[in-house]
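Written out below as structure tokens is the structure these notes cover.
The values are calculated or read from the model by the stated rules, or taken from the named source; none is laboratory data. This is a predicted model, so every value here is computed, not measured. Positions of Cβ are generated from backbone atoms using ideal geometry, with glycine treated the same way; all protein chains shown enter the neighbour counts.
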Amino acid sequence: MVRIRQWLSLLFQNAAEYHLASRLFLKLLALIYCSAFLSLTGQITGLVGSEGIFPVASVLANAAQHLGSAAWLQLPTLFWLDSGDAALKAAAWAGCAVSLALFFGILPRLCLILLFGLYLSLVNAGQIFLNFQWDYLLLESGFLAIFLVGGPSRLTVLMFHWLLFRLRFMSGLGKLASGDPSWSSLTALNYYFETQPLPHVGSWYAHQLPEWLLYLGTALTLFSELIVPLFIFLSRRWRLTAAAITIGMQLLIIATSNHNFINLLTIALCLFLLDDECIKRVAPFRYRRLYRNKPDDRPLWTNSLFSAVGAVLIFSSSLPVLFNMVTGIEPPRVIAQWHDRVRRFGIGNAYHVFPTMQTERIELIIEGSADGTTWQAYLLPWQPGAPGKRPAFIVPHQPRLDWMMWFVPTQQPPGSLFFDRLMHRLAQSSPTVTALFERDPFGGIPPTFLRVSAYRYRFTTPAERTESGNWWQREYLGLFPWISPRQP
């Protein structure tokens, strides 16, 4: 009993060696939050506004009708108060403003609570468009960051370690559990750079690497996700090794992929694998002043209490999911329900980034016509489009519709859930939806006809690019959905 008390007392002590790390993390988190909110300012009304693809007002009304007063627990969002277009845009812009306030150290705890509430509201309002692992990773990171203000406790640092471990280790387990042959045969990177949702120019160059190096890169990916995360809970030398490998992998991904802010956030989480002595050796002198004003040895009891409650929620929700991934044993129904309830508030999530790998790239181009003879394309800004279009680098922005279109060729959820609604809105020439495209080819007038052309894309070889100047080769497959579904 005495030992348990000593252990609990140690958990709630301030982790003074992570003081600078926590300060730097809050700065980086503020910038990442800002980028996430800013990315949504121009998209949110087209996705879920009153004339958007999935109006959130209809979703909330339906939830209230079927769930009554419990609806807000199922869909925790501030938009129960007002779900109009102005409220949606105001929430995104408010998130940008509060993020900047956090960056400059203005009322940090209040800012972190507001940011968590605003982003949780947008995630639940955004439905399938914001139902991605990076959105939940940002929410859980933001939730834990609330307890960093005034100095991190050892429990809070442990929870950040647990979050990073789950993100990396579960992603590796997901690849093994999927049974995808490209991972077991170490050929995943032969396809990944070409078939990922939104490649950039670095993806083209990475795709040209020799096959043996791509095999090695696939093996390194599995090693960094299945073995390296175990280092997080070992001694200082092993933690530093885990940080170096994880940060290196994230930088390689950024150099070859457009994955919004997830890689930047993963790098920020690695700060908690570094102690302050390590950070002070590499940080510019002007940033070392953040180390001043160290917190007291004992944090406020209220902070300890709330961080303990948060830890219980996260561990009780995430441990059964991890156990299920490792053993294949389904948790009891009551535990699964508990996990679902906790996850709705943005914490205790499961992570499994790219468990399967596509082996071909199929792009859909929506076209409209006024007479059935002359067709004009609705082009998305970041789709490959014309073969000569240079793949753009857009990190940390995530164009949600461009990204979701990647799922549609499977003719399965989640792509099939929104595509018909998208076509319906284009047939109505909804101004907020057409604004998601490069331009409205009909200037606000509804087209008489719509069709969807399907193409198979592949990167050009260096010789083909030298000859044609194109980044892509494409082959017309026919009209969608009268083509074979993409697998997987």
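Which of the following residues is under 20 Å from the mean Cα position of the chain (by Cα), hydrophobic (A, V, I, L, M, F, W, C) and closer than 23 Å to THR266 by Cβ: LEU189, LEU230, LEU198, LEU214?
Numbers: LEU189 fails: under 20 Å from the mean Cα position of the chain (by Cα); LEU230 fails: under 20 Å from the mean Cα position of the chain (by Cα); LEU214 fails: under 20 Å from the mean Cα position of the chain (by Cα).
Answer to the check: LEU198.
Among MET423, MET405, which is without any contact (Cβ under 8 Å) to a residue 60 or more places away in the chain, aliphatic (A, V, I, L, M) and out of contact with any helix residue (DSSP H, G or I) (no Cβ under 9 Å at 6 or more places or on another chain)?
MET423
Any chance you could count how many residues in the range 196-229 are in contact with a helix residue (DSSP H, G or I) (Cβ under 6 Å, 6 or more places away or on another chain) and more than 18 Å from GLN358 (Cα to Cα)?
Looking only at that region, the number is 6.
Could we say that LEU176 is of a type outside the set (Val, Ile, Thr) and crowded, with 20+ Cβ neighbours inside 10 Å here?
Here the answer is no, as LEU176 does not meet what is asked.
When the residues of the range 331-349 are narrowed to those that are touching a Leu at 6+ places or on another chain (Cβ under 8 Å) and surrounded by fewer than 21 Cβ atoms within 10 Å (Cβ to Cβ), which ends up farthest from SER224 (Cα to Cα)?
Among them, the one singled out is ARG341.
Can you spot a residue in the range 449-457 that is part of a loop (DSSP other than H, G, I, E, B), in contact (Cβ under 8 Å) with a residue 12 or more places away in the chain and within 26 Å of the chain's Cα centre (by Cα)?
No, because not a single residue in the range 449-457 is part of a loop (DSSP other than H, G, I, E, B), in contact (Cβ under 8 Å) with a residue 12 or more places away in the chain and within 26 Å of the chain's Cα centre (by Cα).
Could you say whether any residue in the range 462-474 is outside the structural domain of PHE129 (by TED's automatic domain parsing) and within 25 Å of SER50 (Cα to Cα)? Give the derivation first.
Initially, the range 462-474 is screened for residues outside the structural domain of PHE129 (by TED's automatic domain parsing), giving 462-474.
Going one step further and asking which of them are within 25 Å of SER50 (Cα to Cα), we end up with none.
There is no residue in the range 462-474 that is outside the structural domain of PHE129 (by TED's automatic domain parsing) and within 25 Å of SER50 (Cα to Cα).
Which condition does GLY248 not pass, out of (1) under 21 Å from PHE25 (Cβ atoms); (2) crowded, with 21+ Cβ neighbours inside 10 Å, if it passes all the others?
(2)
Taking the conditions exactly as written (small (Gly, Ala, Ser), outside the structural domain of PRO197 (by TED's automatic domain parsing) and assigned to a helix (DSSP H, G or I)), does SER416 satisfy them or not?
yes
Given the structure, is GLN428 in contact (Cβ under 8 Å) with a residue 12 or more places away in the chain, over 22 Å from LEU189 (Cα atoms) and outside the structural domain of PHE129 (by TED's automatic domain parsing)?
yes
Pairs only if they're at least six apart or on different chains, beta carbon under 9 angstrom, first in the range 348-367 and under 27 Å from LEU436 (Cα atoms), second in a loop (DSSP other than H, G, I, E, B) and of a type in the set (D, E, K, R); list them, first residue then second.
Cβ pairs passing all conditions: GLN358/ARG486; GLU360/ARG486; ARG361/ARG486; ILE362/ARG486.
So that you can scan it fast, the table gives a plain yes or no per residue for (1) surrounded by 16 or more Cβ atoms within 10 Å (Cβ to Cβ); (2) more than 20 Å from the chain's Cα centre (by Cα); (3) modelled with pLDDT of 95 or more:
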position: LEU10; (1), (2), (3): no, yes, no
position: ALA16; (1), (2), (3): yes, yes, no
position: PHE25; (1), (2), (3): yes, no, yes
position: LEU28; (1), (2), (3): yes, no, yes
position: SER35; (1), (2), (3): yes, no, yes
position: LEU40; (1), (2), (3): yes, no, yes
position: SER58; (1), (2), (3): no, yes, yes
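Tell me yes or no: at least one residue of the range 403-410 is β-branched (Val, Ile, Thr), assigned by TED's automatic domain parsing to the domain that holds GLN383 and surrounded by fewer than 20 Cβ atoms within 10 Å (Cβ to Cβ).
yes
Could you check the range 1-98 for helices (runs of 4 or more DSSP H) lying wholly inside it with 3 or more residues that are outside the structural domain of ARG400 (by TED's automatic domain parsing) and within 22 Å of ARG344 (Cα to Cα)?
Because the criterion is at least 3 residues that are outside the structural domain of ARG400 (by TED's automatic domain parsing) and within 22 Å of ARG344 (Cα to Cα), the helices (runs of 4 or more DSSP H) in the range 1-98 that meet it are 19-41, 44-48, 56-67, 71-74.
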